[in-house]
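A short write-up of the structure that comes next.
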Amino acid sequence: MARVVAVPSRAAVSLSNHTVLRRAFWFLAPAITPVLVVAGWEFAARSGGVSAFMLPPISAVMVRLGADVASGDFFLNAALTLYRTFLGFAIAAAVGVTLGVLMARSRLANWFLDPIVSIGLPMPKIAFLPVFILWFGLFDASKITIIAVSAVFPVVTATLAGVQGVERELIWSAQSLGAGRKEIAWEIMVPAALPQIITGLQVALPTALIVEIVAEMMMGGYGLGAAMLEASRQLDSPDVFAGIIEIMAIGYGVVAAAGWLRRRLLIWHQEDARSTAA
Amino acid sequence: MQQKQPNAMWPFDSQSSAGVRALVRPLVRYSPLLVIAVTWETVACLSLLPANVLPSLTAVLASWLRLVGSGEIVTNGLDSLYRVGLGLLLAVVVGAGAGLFMATSRLVNVFIGPLVRLFYPMPKSALIPVMVLWLGFGDASKVVLIFLGCLLPVAISAFNGARGADHTLIWSASSFGASRLQVMRDVVFPCALPELLSGIRIALATSFVLLVSSELIAARRGLGYMIGMLGDGGVYDAMFATVLTVALLGFIADRGYLLLMGRMLRWRAS
């Protein structure tokens, strides 16, 4: 911490100088570690202590990244990765919310699905990827299926918990106003449980992305994960590191977008507004 | 829910039947799995689907017994468990420490926090090729991958738990002369424990996903490698047996951890 202050003539100025420096330190400090990491990476790679194969200089990686963007490869791969991720995720969301509501409303559905969900949630679903490849082939269908299967369980449990936690008074009032079972489920329970459902979706979304990357690595073709594994097969390490940065950016963007969407969607919800304000 | 039927419905009503009841309840609860197993077996036996698409459940069980008998699934399973155990252990120790210090020291938070926030949303499976590049096909690449993948969930849960620690408790402990380390060990850590333990549960699930993924993609041993190899070789009944073993291991690990978690948090209930 550099706190060397030029000695000013008046005490009052010294105090304000000091606080300014202090403020500046706390303002700039969050950038220090990332900058150090980048600089350390570049230095380690250039010093020759680590071979360029193991750790290419970050400048070389950025050049490769720029080339990927310029040639459009990045956009093609990212678009395919995101397409499969979101399609699998959308299926998981639709199926998951429906099953969750069903489990809360129907004893039969609960009896049948409860053990499946309680075993399926902690289970590493990715182990079933070779089974889906066997069933659906090496193309999009098997990738989208494994994504949907991996992402559906957190949505079911979150929906179930959310719907079960809906205040009875809300349901009673809807009933006394003449709402039917279906209306109560979709117009009272789901909106009231929305904060929890969205939390479940926020767990499922990064899972979907992780699984999509693994599926691409297993099966090849196009996509960010597939391109990265191809680069590592050809021992093209700048491309491997460029792939990490690309996937990292996509992951960051997806998670940030989900957070933004949550705030927009739940702006009306007093509980959520309170929790974000706190 | 259906376990809470009125007693008149229950065939074993005397007090001595508590043991029987403890046996029967899980049977009732998990009966849908039996339905699925019977359906699977029927579909396979009636050859509704070809055997190379869905081998019969009995064939899968038979090949599981064979794999256990030959020791193949046991040695590969131990390899996998070693990798997941060591990676997770390292992540818990380092992650919990980092999270607690981030919460109690502004300086640590300001230096480590940005890195954590930057790397947390990254899909950790992206690191698999680099781990192979750096550490090869053996244990090290899997252990480090699992360590890195589980580090941040553990650190963030420890951080959030410790941030929730009651400040008056910390102040009174330090006003009684407790050192920083003592405050950390006796006040902040117990406060953070519930949240930390649920973070570790998420890390446990993540660790299995990363283990299987990395073994499927680049390994010469382990259960994930076995699944890939058996699938490529077209030995589908053995592949299904291994897939189910991995799934079961993940489930058992989670249930075991839940029991442990309940024991560790027992003081909180009273």
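The values are calculated or read from the model by the stated rules, or taken from the named source; none is laboratory data. On a predicted model such as this, the values are computed, not experimentally measured, just so you know. So basically every Cβ, Gly included, is an ideal-geometry build from the backbone, and we count neighbours across all protein chains shown.
Couple of notes before you dig in:
- In the stretch A:217-268, the residues that are surrounded by 16 or more Cβ atoms within 10 Å (Cβ to Cβ) and under 30 Å from A:E167 (Cβ atoms): A:A258, A:R262, A:L266
To keep it simple, each residue is scored yes or no on (1) without any contact (Cβ under 8 Å) to a residue 12 or more places away in the chain; (2) under 18 Å from A:L160 (Cα atoms); (3) within 18 Å of the chain's Cα centre (by Cα).
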{"residue": "A:L87", "(1), (2), (3)": "no, no, yes"}
{"residue": "A:A93", "(1), (2), (3)": "no, yes, yes"}
{"residue": "A:G100", "(1), (2), (3)": "no, yes, no"}
{"residue": "A:L108", "(1), (2), (3)": "yes, yes, no"}
{"residue": "A:P115", "(1), (2), (3)": "yes, yes, no"}
{"residue": "A:S118", "(1), (2), (3)": "yes, yes, no"}
{"residue": "A:I126", "(1), (2), (3)": "no, no, yes"}
{"residue": "A:F132", "(1), (2), (3)": "no, no, no"}
{"residue": "A:F139", "(1), (2), (3)": "no, no, no"}
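Let's see how each residue does on (1) away from chain A (no Cβ under 14 Å); (2) under 17 Å from the mean Cα position of the chain (by Cα); (3) more than 30 Å from A:L129 (Cα to Cα):
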residue	(1), (2), (3)
B:G164	no, no, yes
B:F189	yes, no, yes
B:A205	no, yes, no
B:L210	no, yes, no
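- Any hit, the stretch A:96-113, residues being at positive phi, surrounded by fewer than 18 Cβ atoms within 10 Å (Cβ to Cβ) and not in a helix (DSSP H, G or I): no
- So A:R23, is it in a helix (DSSP H, G or I), more than 28 Å from B:G136 (Cα to Cα) and among the basic types (K, R): yes
- Enumeration of residues in the stretch A:172-182 that are part of a helix (DSSP H, G or I) and at pLDDT 85 or above: A:W172, A:S173, A:A174, A:Q175, A:S176
- Pair list, Cβ < 9 Å and 6+ apart or interchain, from the stretch A:184-197 residues that are without any contact (Cβ under 8 Å) to a residue 12 or more places away in the chain to residues that are outside any helix (DSSP H, G or I) and not β-branched (V, I, T): A:P191/A:H269
- Within the stretch B:104-126, restricting attention to residues that are buried (at least 23 other Cβ atoms within 10 Å of the Cβ) and in a helix (DSSP H, G or I), the residue that is farthest from the other protein chains (Cβ to nearest Cβ) is B:K124.
- For the stretch B:29-57, the candidate set comprises residues that are polar (S, T, N, Q) and either under 14 Å from A:W135 (Cβ atoms) or part of a loop (DSSP other than H, G, I, E, B) (or both); within that set, the residue that is nearest to the other protein chains (Cβ to nearest Cβ) is B:N52.
- Counting only residues that are loosely packed, with under 15 Cβ neighbours inside 10 Å and at the interface with chain B (Cβ under 8 Å from one of its Cβ atoms), the stretch A:123-142 holds 1 of them.
- Taking each residue of the stretch A:245-265 that is within 13 Å of another protein chain (Cβ to nearest Cβ) and over 20 Å from A:R64 (Cα atoms) and looking for partners that are small (G, A, S) and part of a helix (DSSP H, G or I) with beta-carbon atoms closer than 8 Å, six or more apart or interchain, yields nothing.
- All conditions but one from (1) within 14 Å of chain B (Cβ to nearest Cβ); (2) free of Cβ contacts under 8 Å to residues at least 60 places away in the same chain apply to A:L224; the one that does not is (2).
- Some residue of the stretch A:164-172 being within 22 Å of A:I198 (Cα to Cα) and within 14 Å of chain B (Cβ to nearest Cβ): yes
- B:F137 fulfils the conditions (1) part of a helix (DSSP H, G or I); (2) touching a Lys or Arg at 6+ places or on another chain (Cβ under 8 Å) except for a single criterion, (1).
Quick grid of which residues meet (1) within 26 Å of A:P206 (Cβ to Cβ); (2) charged (D, E, K, R):
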{"site": "B:T75", "(1), (2)": "no, no"}
{"site": "B:V92", "(1), (2)": "yes, no"}
{"site": "B:R106", "(1), (2)": "no, yes"}
{"site": "B:I112", "(1), (2)": "yes, no"}
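- Filtered residues of the stretch A:41-84 (kept if in contact (Cβ under 8 Å) with a residue 40 or more places away in the chain and touching a Lys or Arg at 6+ places or on another chain (Cβ under 6 Å)): A:R84
- Filter result for B:A173 (more than 12 Å from chain A (Cβ to nearest Cβ), of a type in the set (A, V, I, L, M, F, W, C), surrounded by fewer than 21 Cβ atoms within 10 Å (Cβ to Cβ) and not in a helix (DSSP H, G or I)): no
- A:F86 vs. criteria within 30 Å of A:F139 (Cβ to Cβ), at pLDDT 90 or above and buried (at least 17 other Cβ atoms within 10 Å of the Cβ): yes
- Restricting attention to the stretch B:234-258, the residues being hydrophobic (A, V, I, L, M, F, W, C) and over 13 Å from the mean Cα position of the chain (by Cα) number 7.
- Enumeration of residues in the stretch B:241-254 that are farther than 15 Å from B:T206 by Cα and at the interface with chain A (Cβ under 7 Å from one of its Cβ atoms): B:V243
- All of (1) surrounded by 13 or more Cβ atoms within 10 Å (Cβ to Cβ); (2) at pLDDT below 85 hold for B:S16 with one exception: (1).
- Criterion applied to A:L209, A:L205 was being of a type in the set (A, V, I, L, M), surrounded by 21 or more Cβ atoms within 10 Å (Cβ to Cβ) and in contact with a Phe, Trp or Tyr (Cβ under 7 Å, 6 or more places away or on another chain), and the one residue passing it is A:L205.
- B:I227 vs. criteria buried (at least 23 other Cβ atoms within 10 Å of the Cβ) and either without any contact (Cβ under 8 Å) to a residue 60 or more places away in the chain or under 19 Å from B:R66 (Cβ atoms) (or both): yes
- If the condition is being polar (S, T, N, Q) and touching a Cys at 6+ places or on another chain (Cβ under 8 Å), then the stretch B:201-252 contributes B:T206, B:S207.
- Residues satisfying the stated conditions in the stretch A:204-234, i.e. over 17 Å from the mean Cα position of the chain (by Cα) and farther than 17 Å from A:F139 by Cα: A:M228, A:A231, A:S232, A:R233, A:Q234
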